[in-house]
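Note sheet for the following structure.
Every read-out reported here was derived from the displayed coordinates using simple, explicitly stated rules and does not represent laboratory data. All values reported here derive from a predicted model rather than from experimental measurement. Neighbour counts run over all protein chains shown; Cβ positions are idealised from the backbone, glycine included.
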Amino acid sequence: MFGSEELERLRLRKELLVLECDARRVLLISEWQRWRSPGFWFDEAGQVARRHPWLTAALGVGAGIAVIRVVRQPRRALRWLGGPVGVISTLQVIRKFFARAS
C-alpha cells in the first residue's frame, strides 16, 4: 500500500510534529511561570502608569477617597460591600443548580 519512501516521510513528519509540540509546551510553561510571578504584574502596572499618568492619578485619588471613607465609617463600607457579595453568591447557587440539572 505504502512504499518505504512514503513511510519514511510519514515517520519524519511525525517526529517533526512531536518536536513542535514539545517546543510549544516549553514556551507555554515558561510563559505561564512568567505570568504567575508577582514581578511581572508589578512591571506591567508600572508600564501602564507611565503610559497613562492621568488615569493613574485619578485612580489613586479614587482609592484614597475610598480608604478615607472606610476608615471613617467602616459599617457603611461593609454594607456597600455586602451588595456585590450577595449577588455573587446568588449567581454561584444558580450556576450550581443548572449544572446539576443538565
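Does the range 1-14 contain at least one residue that is surrounded by 10 or more Cβ atoms within 10 Å (Cβ to Cβ) and under 23 Å from the mean Cα position of the chain (by Cα)? There is no residue in the range 1-14 that is surrounded by 10 or more Cβ atoms within 10 Å (Cβ to Cβ) and under 23 Å from the mean Cα position of the chain (by Cα).
Condition check ((1) more than 17 Å from the chain's Cα centre (by Cα); (2) exposed (fewer than 10 other Cβ atoms within 10 Å of the Cβ); (3) under 26 Å from Ala77 (Cβ atoms)) across all residues:
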site	(1), (2), (3)
Leu28	no, no, no
Phe40	no, no, no
Ala45	no, no, yes
Arg51	yes, yes, no
Thr56	yes, no, yes
Leu59	yes, no, yes
Val67	yes, no, yes
